[in-house]
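Here's the structure we're looking at; comments come further down.
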Amino acid sequence: MTKSGSAYIECSGLFKIYKAADLEVVALRGLELTVQQGEILAIVGASGSGKSTLLNILAGYDAPSAGTIRVGDFDLLQMTNKEVVKYRRHEVGFIWQETSRNLFPYLTTLENVELPMVIAGSPKTERKKRAQELLDIVGLGDRSSHKPAELSGGEQQRVAIAVGLSNKPPLLLADEPTGELDDQTGKEVLELLNKVNQDLGTTILIVTHDPAIATSVQRAIAIKDGKTSTETTREVSYERKLNGETTNTEEFLLIDTAGSVQIPRDVLNELNIERKVKVDIKDGKVTLESGD
Ligand SMILES: Nc1ncnc2c1ncn2[C@@H]1O[C@H](COP(=O)(O)OP(=O)(O)OP(=O)(O)O)[C@@H](O)[C@H]1O
Ligand SMILES: [Mg+2]
């Protein structure tokens, strides 16, 4: 569901401050992000930059401290407890990095996929049918009676994707979904996420350290110190890339609503810029010159 004409996800000036004892940690500081319905997006960045914080807020697990954040028709800063339950049940699916955290060990794969539908009150025959269909989509239709321990790590993550999709959420969030997998298995999980995005039209956000993921989706956003800093876009879709087409990659710095840009440290060093900069326009281009 999206209000007509607007983006599916809109975050602006988003702050998250954690208070631990008498220490405050600013995990997000004025983050801006816009995502269109049906996009598949990678979120990259150094450890501690705020990636999981953003994803947990988008999942409805954690509340932001300030700013605006809207997903579809939900205002995530203003949700009542009842709306949070509805949001988490129907709007989003979530996949954790730890394979063991996604599935209940004593339930079969079919029961695991059915569980969110049980909680949402779907009729039994309908949910069994959908759970089997989802297992077929993730290529594990013949493993419906297996317990998670009887599956490989990659297979468990594929079941986790099916669980995440069970209530047909328009948004799927994955925090380092291939972090515990070897390269080949990780690639298969990534291919599955791309397939889900194309076949079901699900909007997907993947947090990753893995350059292979970041370079195989249409758009990758880098988070630095709790803000979105750069965006890398590609012209060729993942499917066409698999068919051997080369990609044209372009990297952009992002400007926030206040007009701020994070200029990379190496650029500043090269120009000996420390505290002040002179901005000019020459031949239709913006130039920066040290003002120190
Ligand atoms: N519950 C919490 N209480 C206090 N500080 C927290 C909490 N969760 C995260 N932080 C801090 O917020 C900052 C951002 O953490 P976050 O987990 O979002 O980083 P990340 O980009 O996901 O890192 P990684 O790649 O290591 O998973 C870090 O400095 C972290 O220590
Ligand atoms: Mg993290």
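Just so you know, all these numbers are worked out from the coordinates, no wet-lab data involved. The structure presented is a predicted model; accordingly, all values stated were derived computationally and were not measured. Positions of Cβ are generated from backbone atoms using ideal geometry, with glycine treated the same way; all protein chains shown enter the neighbour counts.
Compare ARG70, ARG101, ARG265 in a GNM of the chain, Cα atoms joined below 10 Å, and give the one with the largest fluctuation.
Between ARG70, ARG101, ARG265, it is ARG265 that shows the largest mean-square fluctuation.
For the range 85-170, which chymotrypsin sites (Phe, Trp or Tyr not before Pro) are both in a DSSP coil and crowded by at most 16 other Cβ atoms within 10 Å? Can you show the working numbers first?
Numbers: sites: TYR87, PHE94, TRP96, TYR106; in loops: TRP96, TYR106.
Answer in residue order: TYR106.
Relative to the Cα centre, what is the charge dipole magnitude of the chain, using +1 at the beta carbon of each Lys and Arg, -1 at the beta carbon of each Asp and Glu, and rounding to the nearest 20 debye? Before the final figure, lay out the partial values.
Values: 34 positive and 43 negative charges, 190 e Å.
Dipole size: approximately 920 debye.
What does a probe at GLN198 reach in the range 130-153, counting residues whose amide N is under 18 Å from the point 7 Å along Cα→Cβ?
137-139
In the range 188-208, whose amide N lies under 14 Å from the spot 7 Å out along Cα-to-Cβ of ARG101? List them in ranges.
In the range 188-208, the label zone of ARG101 (backbone N under 14 Å from the point 7 Å along Cα→Cβ) covers 207-208.
Please report how far the C-alpha centroid of the range 109-140 lies from that of the range 257-274, rounded to the nearest whole angstrom.
Here the two parts' Cα centres lie 50 Å apart.
Can you pull the three principal axis extents for the Cα set of the range 9-261, in Å, largest first?
54, 48, 33
Counting DSSP beta bridges in the chain, what percent are antiparallel, to the nearest 5?
Numbers: 35 of 52 bridges.
Restricted to the chain, the bridges split so that about 65 percent are antiparallel.
Can you give the FRET efficiency for TYR18 and LEU288, using 1/(1 + (r/R0)^6), R0 = 30 Å, r = Cβ-Cβ distance, to the nearest 0.05?
Values: r = 34 Å, r/R0 = 1.15.
Efficiency at R0 = 30 Å is approximately 0.30.
Take the Cβ-Cβ distance between ILE281 and SER152 as r, set R0 to 45 Å, and report the resulting FRET efficiency rounded to the nearest 0.05.
Numbers: r = 57 Å, r/R0 = 1.26.
E between ILE281 and SER152, to the nearest 0.05, is 0.20.
Around ILE223, which amide H atoms from residues at least 5 apart in sequence, or from another chain, sit under 5 Å from its own amide H, with H modelled in the peptide plane?
Sorted by chain and number, the residues that satisfy this are VAL44, GLY45, SER229.
I'd like the distance separating the alpha-carbon centroids of the range 1-77 and the range 156-218, in whole Å.
If we compute the Cα centre of each part, the gap is 19 Å.
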